[in-house]
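A quick write-up on the structure given underneath.
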Amino acid sequence: MSSTISNSDLLAKRNPYCTSTFICHAILVLIYTVTVPIGPFDGKVAAGIQQFVCTTPNQDQIHLPPLQRRDIFLRSDFRYGPDDHTLWPQPFLLEYPHLGAIPRKPKDKWDPLSIMWWNPTRSDFFPLENGVLDGMGQLSTTKYWALQDMSKELKERVESYKKKSTPNSLLSLLVRAMDDSLIRVGSLKSPFGLMWFKIAEFQRLYLETYALLDYLEIYKPRMDGHQPPATTVANCVGAFTNMPYIAQYFHRAGLPIWFIQPWKTGPFPYNVLAVVTPLDPMDSLCISSHDPPFPVIFRGYMNTREKHDAIHCYSRKWLVFKDPFHDEPLSNDPEPKRRVVLGAPCESIPFFL
């Protein structure tokens, strides 16, 4: 059984995202065949976005992709808003294929993993008594132990993986960075804002390590044909791609994928079950700037490894105390300067696909 869907609905829904007069007046005919299984290039749902059509074979919604050059900077919740790989799907990167395997925030607040999206409050901050500097303190012991327990369990998984697999340099780098960040959370006394930054840094590194391990153990074997294709879809962040073979890989692995291709007039050549309005990250994520604002750490397109490298580098190099080797006036501000060490190298990351 097949049917044709008029595009008048689509045009009304996609107008806020149109930048081309030709595209806005185009008529897209969507065809669906009920008896044919949805394939990697088909759309369980679809949306027109600018000069492109975005489809997904395994999701019920279309997330608005980052199609333009953007400025990347930390927001008021010490995350990167719609450019944060733990909060919103990002363009697929060959150098970091595991980012699409980052788990989504659990709906159940009692899920142990939900702490990786937790934001601390003043009640979680214990000021130092009789301290030399006012405003300094640390995370509550209960919360720190909860983070430590999660880290311990994940590292046990990593060790188990190492015993049966060849060494993976990226996994080792992420585990080391995660360890270092947790030590800073527990040992380095700081103002509340810096404590929050350190927690968010650990959460990002934990989720990326978790995702890489899942990618290596679960999803890549399916992509490579060593394991049967997935029969269910993982509750993960997923990724955008304009590469057909990546859409096939993610579809086979059971990871959320959004396939973006140029808009063309006439009948759409793939099955589409429904047309939807893209989800706007402004409706669900914190996008407000921090006060004072953090600097832009990357300016460019989101489908480049430099964007993700910038997040890794800034996470490590943001914490820089006053330079004792330069003759500058003393400051009463107990919080360290927020700057990036320019020109400092980052570790190279191996390719996986």
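So the values come out like this:
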quantity	calculated
Residues of segment 93-128 satisfying the condition of being in contact with a Ser or Thr (Cβ under 7 Å, 6 or more places away or on another chain), of a type outside the set (Asp, Glu) and in a helix (DSSP H, G or I)	none
Neighbours by Cβ (under 8 Å, 6+ apart or cross-chain): first from segment 169-184, within 17 Å of residue 96 (Cα to Cα); second among the charged types (D, E, K, R) and buried (at least 20 other Cβ atoms within 10 Å of the Cβ)	174/208
Selection count, segment 220-239, where residues are closer than 27 Å to residue 108 by Cβ and touching a residue at least 60 places away in the same chain (Cβ under 8 Å)	7
Subset tally (residues that are farther than 25 Å from residue 101 by Cβ and crowded, with 18+ Cβ neighbours inside 10 Å) for segment 278-299	1
Residue ranges of strands (runs of 3 or more DSSP E) in segment 40-91 with at least 2 members among the hydroxyl-bearing types (Ser, Thr, Tyr) and either surrounded by 20 or more Cβ atoms within 10 Å (Cβ to Cβ) or within 17 Å of the chain's Cα centre (by Cα) (or both)	52-56
Filter pass, residue 299 being modelled with pLDDT under 95 and over 17 Å from residue 94 (Cβ atoms)	no
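The rows are residues; the columns are (1) over 22 Å from the mean Cα position of the chain (by Cα); (2) on the phi > 0 side of the Ramachandran plot; (3) exposed (fewer than 12 other Cβ atoms within 10 Å of the Cβ); (4) not basic (Lys, Arg).
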| residue | (1), (2), (3), (4) |
| --- | --- |
| 114 | no, no, no, yes |
| 121 | yes, no, yes, yes |
| 128 | yes, no, no, yes |
| 144 | yes, no, no, yes |
| 149 | yes, no, no, yes |
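One line per residue, one yes/no per condition, for (1) within 18 Å of residue 240 (Cβ to Cβ); (2) modelled with pLDDT under 95:
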residue: 24; (1), (2): no, yes
residue: 31; (1), (2): no, yes
residue: 62; (1), (2): yes, no
residue: 67; (1), (2): yes, yes
residue: 78; (1), (2): no, no
residue: 96; (1), (2): yes, no
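The values are calculated or read from the model by the stated rules, or taken from the named source; none is laboratory data. Given the structure is predicted, the values throughout are model-derived calculations rather than measurements. Don't worry about glycine lacking a Cβ; one is built from the backbone with ideal geometry, like all the others, and counts go over all protein chains shown.
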